1. Would you mind getting me the FRET efficiency between Asp127 and Leu187? Use the beta-carbon distance for r and R0 = 41 Å, nearest 0.05.
2. So for the stretch 139-192, taking the charge dipole from beta-carbon charges (+1 Lys/Arg, -1 Asp/Glu), which of Val167, Ser141, Pro152 sits furthest toward the positive end?
3. Give me the extension gain from Ser86 to Glu100: residue separation times 0.36 nm, minus the current Cα-Cα distance, reported in nm with one decimal.
Amino acid sequence: MASQNASEVFIFQRNFWGASDLKRLEQICVARGNPTFTQDRLFLEQVLPEFPGRTDGGLRWGLKLLRRGAKRSEKSVQTSPPLRLSEPEAAYLAAMLEGEGYISIPHTTRTGRSSRGITLGLLTNTDPVIVAYVHSLIPFSRVKKSKGTNRPVYHVIVQQRMAAREVLRWVLPYMRGGKKEKALAYLADMEIRIG
């Protein structure tokens, strides 16, 4: 329970505009004739009293998040076909992800730069039959081969944010270990960004 609260605090600190605040800001922008969410000085001065406790910079950040969301919705977000898994397949993928996989979530570096994507390592294994099966379940995954100690090691990965979100939504009900919290944190962060 404490680690779930810690992940919620991390998401709040990283992205302090909640979905309801962003929705309210979007409605105010449209009502006041700013549907493109520009950071006009006069507009910022008019809207800032609507959000007590927020600074000018915080309001600019909220507008930036809205612009990013608008750009994403203009282009086709889902480039791959929708994922269809049976219950046993989703449970199998969850077990593979928790046992032999990893979730690498974007983070901010010391220089203040943020890594943009996610790497969802579904499986790291030396058995090509298992690797081929997992890859067949997730058609938009990639298989990377690296040199192991005695034989080649295969990695089944998903690197697109929306594709990783789709996979995590399918496997999350079957996850039980520590990676479940990381998956929940990533999905919550994606919901805040997309709205």
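Bear in mind these aren't lab numbers, they're just calculated from the coordinates by the rules spelled out. Worth saying up front: this structure is predicted, and the values here are computed from it rather than measured. Heads up, the Cβs are rebuilt from the backbone with ideal geometry, glycines too, and the neighbour counts pull from every protein chain shown.
1. Rounded to the nearest 0.05, the efficiency is 0.90.
2. Highest projection toward the positive end goes to Pro152.
3. 3.0 nm
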